[in-house]
Amino acid sequence: MKAMIRTLCLAAAALLTAPCGAAPVRTDNVEAELVARDLALAPGRSAVVGLRLKHDPQWHTYWINPGDSGMPTTLQWKLPPGTRAGPIQWPAPKRIPLPPMMNHGYEGEIVLPVEITLPADWPAGQQARLAARAEWLICKDVCIPGGAELTLDMPVLAANSAPDPKWKALFDAAFAAMPGGKVPGAEATTAGGVITLKLAGVKPLAGREAYVLAGVEGLVESAAPQIIRQEGDTTVITLAVTSNLSYTEPRISGIAVGFAERALSFEGPLVGKLTAGKGMDDPAAKGVPARPAAGSAGAEDLSLVLALLFAFGGGLILNLMPCVFPILSLKVLGFARGGGTVAMRANGLSFAAGVVLSFLALAGVLIALRAAGEAVGWGFQLQSPPVVTSLALLFFALGLNLSGVFEFQSLLPQSLASATLKHPTADAFLSGVLAAVIASPCTAPFMGAALGYAVMQGPWAALAVFGALGAGMAAPYVLLAWFPAWLKRLPRPGPWLARFKQFLAFPMYATVVWLAWVLSLQVGPDSIIWLGAAMVLIGMGAWMISQAGGAVWRLGAVAAIACGLVAAWPGNEVAADPSSTRQNGWVAWAESDIGALNAAGTPVFVDFTAAWCVTCQVNKKVVLETRPVREAFAAKSVRLMRADWTRRDPAITAALNAFGRNGVPVYVLYAPGKAPVILPEILSERIIIDALKAL
Amino acid sequence: MRRLLSVFPCFLYILCLLCSAQSTAAAPPGQMAPDFSLPATDGKPVKLSDMRGKWVVLEWVNPGCPYVQKHYVSKNMQALQKESGGRGVVWLAVNSTNPSHHDYLKPAKMGEWMKAQGGAPRATLMDEFGDAGRAYSARTTPQMIVVSPEGRVVYNGAIDDRRSVSPEDIKGARNHVRAALDESLAGKPVSVASTTPYGCSVKY
């Protein structure tokens with residue numbers, strides 16, 4: 001028994017005194033540990049230990065100059081007497097953009113090396129216990145301050161020991177990432193909130209992005225683009241001074257990346273009066289271009305009354321847009337047929353109700369989606385392939401009806417058919433709904449600012465403006481229904497009516513072609529075959545219905561139509577092919593490039609467009625891609641960018657919102673050194689050429 | 001009708017000129033403070049230029065940030081707000097968090113939070129598009145800006161000189177806002193006008 005207790009005690013003692021090397025501490029989103037490069041330390045010699053941080057994916061800690069926010073990692077050592085620890089030797093950090101700001105830090109698994117020197121008279125064989133309190137700030141999109149008490153017990157041997165294979169790779173990577181040399185000569189001057197840094201004897205490596213990072217806080221605007229040019233064998237870099245200037249020394253130091261295989265450190269005098277820079281919003285200095293401020297004139301200054309007036313006008317104009325005109329044709333036929341005065345007025349009001357309520361419902365959906373945090377804008381319903389497919393098939397069916405392939409009466413059993421006829425009011429209401437749905441994405445002139453205003457001002461204003469839009473659209477028909485005298489000016493029904501009806505099928509088919517094109521852009525070219533097949537099946541179904549046959553024909557018709565619908569159901573949206581957006585000199589919109597391009601003196605013209613926006617397509621064909629306009633762009637070396645909103649794109653939605661707009665088209669000209677200019681929604685060659693002249 | 005149609009493009013052009021208004025750059029000390037009009041948590045718009053003639057403090061806030069919590073849990077910020085209000089200073093708290101960020105609080109909730117903290121700003125403003133934040137180059141929460149009655153920025157930077165999340169560091173720290181207000185109200189120039197702000201990044 002005694003023997004057993006003794007054994008147990010010895011075992012316990014052995015466990016307690018075993019060199020335990022610290023177990024890693026796992027805390028919010030990071031694993032922290034003190035590690036040593038070598039297997040043992042030596043008295044009187046310096047050795048390398050380090051703080052190992054293993055970040056969870058997408059989380060980062062900070063460099064000595066953390067950038068616009070954040071806090072560098074710190075180590076407070078508790079060391080045995082006579083032991084010295086050097087400062088953290090920082091590997092070159094990663095740039096972590098957080099538009100419109102920039103941070104510098106580390107992700108993944110890293111080690112921050114520190115040189116430790118034991119006193120020469122360290123007793124042989126005695127272990128060294130190194131302890132430190134590590135503190136950091138770890139962030140992803142939120143920040144969590146963190147810290148740990150860490151210990152590392154190291155054996156001490158007389159001779160140099162071998163590297164620890166466990167950590168060799170990590171330390172090698174850390175040292176490789178540290179500056180591998182100094183820039184032969186560095187000096188800087190400053191004036192007017194700008195620092196001109198001259199690095200002598202270095203040149204950016206071909207094909208590499210070259211930049212510098214200041215090694216101190218409160219001096220350089222971290223997110224501002226750096227303008228680099230060559231003067232012989234000296235690289236001249238222009239940096240913006242930060243608007244939160246807190247550094248006052250006449251020296252500048254930091255690291256230069258992209259000039260050699262490894263980063264280089266630089267240090268030199270800073271001559272001149274240091275004054276604060278313009279900060280994040282300086283169009284000439286920052287990475288993201290300035291937008292008109294929220295409080296400035298534009299959508300917000302539009303009073304509600306003005307917005308309502310514009311919305312009403314926009315509604316009137318919507319009647320003429322190619323996507324609405326075919327629906328309009330149905331109503332014209334309805335009125336031309338005549339009927340009792342009361343009935344006609346009821347129909348007119350019912351149509352108006354259909355239009356207005358549909359627009360209100362769309363406004364309601366938009367408001368609800370925005371409240372739920374979705375980045376949606378006006379026209380969003382046509383960004384969805386199922387909606388586009390349904391509308392294409394519906395319009396095809398309506399076109400077939402106009403062409404005379406089938407009549408609506410033959411679709412329904414006799415009792416229901418006459419019921420429908422007895423309620424032309426309901427029919428008028430539904431026509432109104434249809435008109436509203438298809439008109440919505442054709443953002444007519446005026447609607448851009450009015451809708452942008454509406455959505456930003458809150459739910460009631462939005463509903464009022466959308467209601468006014470609907471009222472404007474329905475107004476002509478209500479007027480015609482109310483004053484049938486005017487109808488008398490319309491020609492009486494006759495053989496011409498049948499021909500007119502058949503003719504109106506063609507705008508309907510044209511709309512189907514346009515929707516098919518939109519679908520092909522969203523889902524890919526294969527969608528055309530399925531949509532086409534569905535249209536054939538539906539055509540056949542419609543023809544079968546019109547053959548006044550029995551139940552078999554009806555059944556066959558239903559089967560054909562059902563197959564058509566299933567066949568047409570679109571697959572998932574296909575990812576945009578970047579090469580397809582590079583057409584005719586237009587490149588894909590990249591907001592972060594605009595500032596840099598402007599800083600280099602290149603104006604940028606951005607076309608916010610979408611396939612389902614007819615105004616956009618017309619402007620493209622009739623203005624943007626004509627020879628005089630293209631020559632004018634080329635003469636001023638304008639970079640042409642297209643922001644395609646055919647699919648849902650939250651970045652584009654956000655950009656549109658910042659201009660106070662909620663739909664497309666929007667045309668913006670970014671001129672170097674000036675505020676962005678928004679051009680009208682109906683373009684002309686004159687407008688573009690005049691705007692370019694002003695550059 | 002045709003005449004009316006031809007006039008529309010003119011209206012449109014004027015509208016677009018209005019839309020393309022200038023945005024002013026950031027606000028280091030010495031510069032004029034960019035004007036803004038932002039809705040408060042109760043929905044009423046608040047315009048900075050309406051405060052001309054008074055000292056104004058702008059406090060960038062985000063309840064989800066540990067550095068902001070340091071100053072609110074310790075009641076440090078609330079005390080500063082009350083003290084400044086008592087001296088006739090207009091205190092405006094600004095939240096520039098993007099609605100799609102998960103730190104975002106709806107205006108009503110933001111108002112409730114400020115009330116629950118016992119905060120006493122004149123108003124808590126919602127800068128959802130981040131335009132006011134960018135105009136002032138607000139990088140962190142908290143970040144503090146003091147504006148003179150003439151509309152000039154006299155202080156822009158951190159709330160105090162101890163960058164940490166622990167409330168114990170508040171007592172021994174130099175509160176830059178209190179110092180700036182003390183000096184300004186006594187007619188003296190602000191000795192420390194610009195510091196590097198510390199905190200979480202503003203969630204644009």
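Rounded to the nearest 10 degrees, the angle from helix B:107-116 to the longest Cα principal axis of chain B is 20 degrees. Chains A and B together bury roughly 4400 Å² of accessible surface, counting both sides and using a 1.4 Å probe on protein heavy atoms. Note on residue A:120/residue A:26: beta-carbon distance plugged into 1/(1 + (r/R0)^6) with R0 of 45 Å gives a FRET efficiency of 0.75. Potential lengthening of the chain between residue A:248 and residue A:208 amounts to 11.2 nm, from the contour at 0.36 nm per residue minus the alpha-carbon distance. Excluding same-chain neighbours fewer than eight residues apart, the aspartates and glutamates reachable from residue A:54 by a Cα-Cα span under 15 Å are A:28, A:31, A:33, A:107, A:109, A:135. Between residue A:175 and residue A:127, full extension at 0.36 nm per residue minus the direct alpha carbon distance yields a gain of 14.6 nm. Ranking B:127, A:28 from most to least accessible surface, computed with a 1.4 Å probe over the protein chains only, gives A:28, B:127. Which Cα, out of B:164, B:119, B:76, lies furthest along the positive dipole direction of region B:2-201 (beta carbon charges, K/R +1, D/E -1)? The one lying farthest along the dipole's positive direction is B:119. Which residues' amide hydrogens lie under 5 Å from the amide hydrogen of residue B:161, considering only partners 5 or more residues apart or on another chain, with H built in the peptide plane? Excluding prolines and chain starts, which carry no amide H, the hits are B:174, B:176.
Straight-distance candidates among the lysines for linking to residue A:621, with alpha-carbon spacing under 27 Å and chain neighbours fewer than 8 residues away dropped: A:636, A:693. Multiplying the residue separation of residue A:685 and residue A:216 by 0.36 nm and subtracting their alpha-carbon distance yields 163.8 nm. 3J(HN,Hα) along region A:66-77: x, x, 6, 8, x, 8, x, 5, 10, 10, 10, 7 Hz, from the Karplus curve 6.51 cos²θ - 1.76 cosθ + 1.60 with θ = phi - 60°, whole Hz, x for Gly and Pro.
The solvent-accessible area of residue A:483, taken with every protein chain present and a 1.4 Å probe, is close to 90 Å². For a straight C-alpha distance cut-off of 16 angstrom, the aspartates and glutamates reachable from residue B:70 (same-chain residues fewer than eight places away being disregarded) are B:59, B:160, B:161, B:168, B:169. Accessible-area loss of 40 Å² or more (1.4 Å probe, protein heavy atoms, chain alone versus all protein chains) is found in region A:657-695 for A:675, A:678, A:680. Counting Cβ atoms of other protein chains within 10 Å of each residue's Cβ and taking the mean over peptide B:188-200 gives 4. If you take the beta carbon distance between residue A:346 and residue A:407 as r and set R0 to 30 Å, what does 1/(1 + (r/R0)^6) give as a FRET efficiency, to the nearest 0.05? About 0.80, to the nearest 0.05.
Exceeding 29 Å between C-alpha atoms, which entries from my cross-link table qualify? They are B:75/B:106; A:198/A:273; A:198/B:188; A:674/B:109; A:273/B:203; A:140/A:278. Correct reply: A:198/B:188; A:674/B:109; A:273/B:203. Note on B:135-144: average number of Cβ atoms from other chains within 10 Å of each residue's Cβ is 6. Label sites at residue A:39 and residue A:305, each approximated as a point 7 angstrom past Cα along Cα to Cβ, lie 8.9 nm apart. Please turn the phi angles of region A:524-531 into ³J(HN,Hα) values with the Karplus equation 6.51 cos²θ - 1.76 cosθ + 1.60 (θ = phi - 60°), one per residue in order, whole Hz, x for glycine and proline. Using θ = phi - 60°, the values come out as x, x, 4, 4, 5, 5, 6, 5 Hz. Karplus-derived 3J(HN,Hα) values for region A:677-693, using 6.51 cos²θ - 1.76 cosθ + 1.60 with θ = phi - 60°, are 10, 9, 8, x, 6, 9, 8, 9, 4, 4, 4, 5, 5, 5, 5, 6, 4 Hz; glycine and proline are entered as x. Kindly state, to the nearest 0.05, the FRET efficiency for residue A:526 paired with residue A:261, given R0 = 41 Å and r defined as their beta-carbon distance. Here the calculated transfer efficiency is 0.30. In the context of the full set of protein chains, region B:2-201 has a per residue accessible area of 42 Å² (1.4 Å probe).
Each Lys or Arg adds one and each Asp or Glu takes one away; over the other residues whose Cβ falls under 14 Å from the Cβ of residue B:167, this sums to +2.
The values are calculated or read from the model by the stated rules, or taken from the named source; none is laboratory data. This one's a predicted model, so the numbers in the text were calculated from it and none came from an experiment. Counting neighbours? That spans all protein chains shown, and the Cβs are built from the backbone with ideal geometry, glycine included. Heads up: the accessible areas ignore ligands, DNA and RNA and are worked out on the full protein's heavy atoms, side chains in. Shrake-Rupley method; radii C 1.70, N 1.55, O 1.52, S 1.80 Å.
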